[in-house]
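The values are calculated or read from the model by the stated rules, or taken from the named source; none is laboratory data. Predicted model, so just to flag it, every value in this text is computed and none were measured. With ideal geometry, Cβ positions are generated from the backbone for all residues, glycine too; neighbour counts draw on all protein chains shown.
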Amino acid sequence: MVFTIWLCVGCSPHDPDATGQLSLVDPAPAWIDGELVIVAGVDWRPTEAVIEAMEHGVAIPVRITTRSLRVHGWLNLLDRDRNHRYEVRFLPMLRSYQIADTKTGEQRNFPRLHMLADSLRQPQPWATGLTLDDLDEARYRVEIRAELDRTRLPSPMRMPVWFDPAWRAASPWQGWDLVDEYRDD
């Protein structure tokens, strides 16, 4: 069943105009309070289908994933995986858009969708969980990616969106091998 779904998704025609954009803005590793973070903004340009779903009460889940890979020669093994989840929704009674951090519960409201998108573009730190002690023990590679988290949409929507290119917004993985230039010494 899963193989059939992936086959259908992979073979479906790709219309670049129908696919929303979700990309990272100037990502770069940095040290903040002894932890390695990746500082980046998120450029989100939703498709008409996503905006329509939002206006009909669907919270749109956005996930930013950072992962740390231990480097063993040519082999990279997943060591840590951090998911930073947000939900973007339209509030019809207030006629505004809201972004909510699902972990902390922090919410910010914006009168227009483009203002919310401008706020997301502002650089912010995304935790990796790596410390200097970790780098003393092994070599690491860190990576980051942003995507619409289709698995967290309401149940009736999950299957149809797998086949709809309007819901495939995701950035490619961007990564850095941690060498001496990224050390805080």
Inspect all residues belonging to the stretch 95-107 and state whether any of them is of a type in the set (D, E, K, R), at pLDDT below 95 and in contact with a Pro (Cβ under 9 Å, 6 or more places away or on another chain).
yes
Pick out the one residue from 184, 134 that is at pLDDT below 90, surrounded by fewer than 14 Cβ atoms within 10 Å (Cβ to Cβ) and outside any strand (DSSP E or B).
184
List every residue pair whose Cβ atoms lie under 6 Å apart, where the two residues are 6 or more positions apart in sequence or sit on different chains, the first residue falls within the stretch 83-108 and is free of Cβ contacts under 8 Å to residues at least 60 places away in the same chain and among the hydroxyl-bearing types (Ser, Thr, Tyr), and the second residue, located anywhere, is outside any strand (DSSP E or B) and surrounded by fewer than 16 Cβ atoms within 10 Å (Cβ to Cβ).
96/111
The stretch 143-155 residues that are touching a residue at least 60 places away in the same chain (Cβ under 8 Å) and hydrophobic (A, V, I, L, M, F, W, C), paired with ones that are crowded, with 19+ Cβ neighbours inside 10 Å and in a strand (DSSP E or B) (beta carbon under 6 Å, 6 or more apart)
144/27; 144/38; 144/66; 146/22; 146/24; 146/42; 146/64
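Is it the case that residue 162 is at pLDDT below 95 and either touching a Leu at 6+ places or on another chain (Cβ under 9 Å) or surrounded by 13 or more Cβ atoms within 10 Å (Cβ to Cβ) (or both)?
Working: at pLDDT below 95: yes; either touching a Leu at 6+ places or on another chain (Cβ under 9 Å) or surrounded by 13 or more Cβ atoms within 10 Å (Cβ to Cβ) (or both): yes.
Yes.
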If I filter the stretch 85-101 for residues that are among the polar types (S, T, N, Q), under 16 Å from residue 61 (Cα atoms) and in contact with a helix residue (DSSP H, G or I) (Cβ under 9 Å, 6 or more places away or on another chain), do I get at least one hit?
yes
Taking the stretch 142-179 and the residues there that are touching a Gly at 6+ places or on another chain (Cβ under 9 Å) and in a loop (DSSP other than H, G, I, E, B), the one that is farthest from residue 23 (Cα to Cα) would be 168
Scanning the stretch 84-118 residue by residue, the ones that are exposed (fewer than 15 other Cβ atoms within 10 Å of the Cβ), of a type outside the set (A, V, I, L, M) and under 18 Å from residue 25 (Cα atoms) total 2
Among the residues of the stretch 82-121, the number that are under 19 Å from residue 149 (Cα atoms), among the hydroxyl-bearing types (Ser, Thr, Tyr) and over 16 Å from the mean Cα position of the chain (by Cα) is 2
